[in-house]
1. Could you check how many residues of segment 14-64 are within 21 Å of residue 270 (Cα to Cα), surrounded by fewer than 23 Cβ atoms within 10 Å (Cβ to Cβ) and of a type in the set (A, V, I, L, M)?
2. Across segment 193-213, which residue is nearest to residue 135 (Cα to Cα) among those that are assigned to a loop (DSSP other than H, G, I, E, B) and open to solvent by 40 Å² or more (accessible area, probe 1.4 Å)?
3. So, in segment 196-229, exactly how many residues are at pLDDT 95 or above and in contact with a Gly (Cβ under 7 Å, 6 or more places away or on another chain)?
4. For segment 216-261, give me each residue that is small (Gly, Ala, Ser) and either open to solvent by 10 Å² or more (accessible area, probe 1.4 Å) or not in a loop (DSSP other than H, G, I, E, B) (or both).
5. Return yes or no: is residue 78 more than 23 Å from residue 39 (Cβ to Cβ), out of contact with any Ser or Thr (no Cβ under 7 Å at 6 or more places or on another chain) and either open to solvent by 20 Å² or more (accessible area, probe 1.4 Å) or among the hydrophobic types (A, V, I, L, M, F, W, C) (or both)?
6. Would you check if there is a residue in segment 116-136 being open to solvent by 20 Å² or more (accessible area, probe 1.4 Å), closer than 15 Å to residue 37 by Cβ and out of contact with any Leu (no Cβ under 6 Å at 6 or more places or on another chain)?
7. Quick check on this structure: which one of 220, 227, 205 is in contact with a strand residue (DSSP E or B) (Cβ under 9 Å, 6 or more places away or on another chain) and within 30 Å of residue 87 (Cα to Cα)?
8. Scan segment 251-269 and report the pairs whose first residue is of a type in the set (Asp, Glu) and whose second residue is in a strand (DSSP E or B) and surrounded by fewer than 20 Cβ atoms within 10 Å (Cβ to Cβ), with Cβ atoms within less than 7 Å and a gap of 6+ or a chain change.
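The values are calculated or read from the model by the stated rules, or taken from the named source; none is laboratory data. Source: prediction; values computed, not measured. Backbone-built Cβ (ideal geometry, glycine too); neighbour counts: all protein chains shown. Heavy atoms of the whole protein, side chains included, go into the accessibility calculation; ligands, DNA and RNA do not. Shrake-Rupley method; radii C 1.70, N 1.55, O 1.52, S 1.80 Å.
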Amino acid sequence: MIEVVRPGPLTTVQDLGRPGLAALGVGRSGAADRRSAALANRLVGNLDGAAVLETTFGGLVLRFRQVARVVVTGAPCPIRRGGRGEAMNAPFTVWPGEELTLGAPTSGLRTYLAVRGGIGVDKVLESRSTDLLAGLGPAALSEGDVLPIGTDECGPLPSVEVAPVPDPAGFALTVRVMPGPRDDWFTPEALKTFSTATYEVTSESNRVGVRLAGPALERSREGELLSEGMVPGAIQVPPSGLPLVFLADHPVTGGYPVIGVVLTDDLPVMAQARPGQTVSFRLVPADLPAAA
């Protein structure tokens with residue numbers, strides 16, 4: 001068992017989410033930075049679907065009631081275990097009674113903690129993920145919560161002492177975007193602005209999406225679309241003209257035009273973007289595979 005001493009600004013349980021339920025009005029959710037969450041599970045020998053803790057901007061303090069093998073990935077932050085430091089991306093053992101503290105990240109936004117065996121909270125619709133928009137899954141962690149450690153989601157322990165993972169990208173971020181499907185709703189000037197301007201991440205961003213400030217994108221037609229399906233990475237443009245990049249807890253449908261979609265491989269970059277950072281979009285050919 002793991003006791004939550006302090007949850008930090010926002011800590012949730014996340015796994016691979018709830019794929020395939022959009023027709024029922026249920027979004028996928030899951031880890032915002034799936035790459036970091038997957039690495040954490042691999043480093044402690046968990047199966048891919050094991051649940052981890054996703055903490056936003058650190059501040060998490062846990063007290064372990066049993067011995068556990070753990071690892072911390074994602075946004076690099078100071079790690080303290082029982083009064084001594086530990087390294088990012090390097091598995092270590094926590095002993096009963098010890099406290100584990102994750103400080104504020106030096107870059108990036110979201111840090112992931114995996115425990116061998118996974119976080120064993122109850123599943124909702126076959127997932128342990130917290131979906132903040134839909135209100136599904138376990139609630140965000142609170143002081144005094146007790147989390148069970150799972151026992152049925154482990155593989156062999158890897159013989160890895162540390163994974164050579166680079167820190168999240170620097171202050172100025174660039175992500176690749178596939179244009180459309182509604183780029184024809186915007187003027188040629190707006191399309192040029194979208195692919196050349198620099199936008200700033202605002203403090204209104206969350207797991208639903210990254211809200212951006214910068215030059216507004218002008219539409220070429222009036223009216224609104226009928227609601228249509230949304231996907232992670234969809235860049236929706238509301239009447240303000242300011243882009244919104246959807247993340248893990250995005251709505252299943254939306255009625256504002258989508259000017260482009262961030263490639264799957266670049267979604268972790270957006271998931272780690274913190275307020276004040278700048279983002280530029282680089283258009284790629286429409287026939288490029290989404291996960292390229």
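1. 3
2. Filtering segment 193-213 down to residues assigned to a loop (DSSP other than H, G, I, E, B) leaves 197, 202-208.
This time we only want the ones that are open to solvent by 40 Å² or more (accessible area, probe 1.4 Å), so: 203-204, 206.
On the way: 203: 22, 204: 19, 206: 15 Å.
Here the answer is 206.
3. Number satisfying all stated conditions: 8.
4. Listed by number, the residues that qualify are 216, 220, 223, 227, 229, 234, 240, 248, 254, 255, 260.
5. Here the answer is no, as residue 78 does not meet what is asked.
6. Yes; the residues of segment 116-136 include at least one that is open to solvent by 20 Å² or more (accessible area, probe 1.4 Å), closer than 15 Å to residue 37 by Cβ and out of contact with any Leu (no Cβ under 6 Å at 6 or more places or on another chain).
7. 205
8. These pairs meet every condition: 266/176.
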